[in-house]
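J.: Handing you this structure, nothing more for now.
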Ligand SMILES: C[S@@+](CC[C@H](N)C(=O)[O-])C[C@H]1O[C@@H](n2cnc3c(N)ncnc32)[C@H](O)[C@@H]1O
């Protein structure tokens, strides 16, 4: 799987030309690299700063993250949210939750975050709130289900952001059932009359969707 889809020198240039994340998030990256398997799951500076920017611009009061891992994107979103905003995070990995919570406890934005352990589909089924902002970044097989369930709960004007929509470039030449699922998800969102969207080539692809 290629680490970079964009030319690596260009990716590096974009990285150094983007303001750094706060020191606590840099520490979180180091801790994730040291203690967790597969640290590249963490979305990183370009996605994280994009999420923070989008949250700061839209000031969501009620937000959701599907797939929290060690909390990098959660803290990035929370940083942009108003002080009384609430971000619900779905995660199935207890070790990731434990590490994330240690960083949330040290962050001035941590009080905005509530973690729900368990499969996101179950959490969503019991979620009775109107969403302003959602970041979808868990198991790709369920992306379309997550999108549909989140869209139902999203207010008009609310954002739904899906990560890894380029799927390491495999959406161009799909070879597996999972590749096809990503292609179909992207196709259906682009054709969905309920939303407008922009498909950004940031890192592994970010689909920014706004409900009409
Ligand atoms: C790519 S990582 C998330 C990275 C994180 N958003 C970040 O940017 O740092 C995906 C996470 O989704 C979690 N996950 C996978 N399937 C899930 C499910 N059905 N429900 C909830 N979480 C799930 C995994 O345990 C993993 O931590």
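J.: Do the sum for the chain: with -39,500 (n - 2.57) for every DSSP H run of n ≥ 4, divided by all residues, what is the mean residue ellipticity at 222 nm, to the nearest 500 deg cm²/dmol? Let's see the in-between values first.
T.: Working: 8 runs with 90 residues, N = 212.
Calculated from helices alone, the mean residue ellipticity at 222 nm is -13000 deg cm²/dmol.
J.: Classify region 157-212 as rounded, prolate or oblate from the Cα gyration tensor: take a ≥ b ≥ c as the square roots of its eigenvalues, call it rounded if a/c is under 1.5, otherwise prolate when a/b beats b/c and oblate if not.
T.: oblate
J.: I want to make sure I understand the PRE zone here: with the label point 7 angstrom from the Cα of residue 105 toward its beta carbon, which residues in region 60-95 have backbone N atoms less than 15 Å away?
T.: 95
J.: Most mobile of 94, 174, 23 per a Gaussian network model of the chain (Cα springs, under 10 Å)?
T.: It is 23.
J.: Still on this structure, I have one more. Tell me, 156, 76, 43 in order of fewest to most beta-carbon neighbours within 10 Å?
T.: 156, 43, 76
J.: Same structure again: Let me know the shape class of region 1-118, please: from the alpha-carbon gyration tensor, a ≥ b ≥ c as square roots of the eigenvalues, rounded when a/c is under 1.5, otherwise prolate if a/b is greater than b/c, or oblate.
T.: Cα axes put region 1-118 in the oblate bin.
J.: How far is it, in nm, from the label point at residue 188 to the one at residue 36 when both lie 7 Å from their Cα along the line to the Cβ?
T.: 2.8 nm
J.: For the residue pair residue 92 and residue 170, what label-to-label distance in nm results when each label sits 7 Å from Cα along the Cα-to-beta-carbon direction?
T.: Output for this residue pair reads 1.7 nm.
J.: Classify the chain from the C-alpha gyration tensor, please: rounded if a/c falls under 1.5, else prolate or oblate depending on whether a/b exceeds b/c.
T.: rounded
J.: Would you mind ranking 45, 119, 141 by Cβ crowding within 10 Å, fewest neighbours first?
T.: 141, 119, 45
J.: Only bridges with both residues in region 8-211 count here: give the DSSP antiparallel percent, nearest 5.
T.: Antiparallel bridges: around 35 percent, rounded to the nearest 5.
J.: Taking neighbour Cβ counts within 10 Å as the exposure measure, how do 150, 115 sort from fewest upward?
T.: Details: 150 23, 115 19.
Sorted ascending by nearby Cβ count, the order is 115, 150.
J.: Once the piece of chain linking residue 155 and residue 114 is laid out straight, how much longer is it, given 0.36 nm per residue of separation minus the C-alpha distance between them? Can you show the working numbers first?
T.: Values: separation 41, 0.36 × 41 = 14.76 nm, distance 2.05 nm.
Full-extension gain reported as 12.7 nm.
J.: Apply 1/(1 + (r/R0)^6) to the Cβ-Cβ distance of residue 19 and residue 210, taking R0 = 41 Å, and write down the FRET efficiency to the nearest 0.05. Kindly include the intermediate steps, with their values, before the conclusion.
T.: Working: r = 25 Å, r/R0 = 0.60.
For residue 19 and residue 210, the calculated efficiency is 0.95.
J.: Related question: Quote to one decimal, in nm, the extra length available between residue 125 and residue 6 on full extension: 0.36 nm per residue of separation minus the C-alpha distance between them.
T.: 39.1 nm
Bear in mind that the values in this text are calculations on the coordinates, not laboratory data. Keep in mind that this is a model prediction, so the values were computed, not measured. Note that each Cβ is placed from the backbone with ideal geometry, even for glycine, and that neighbours are counted across all protein chains shown.
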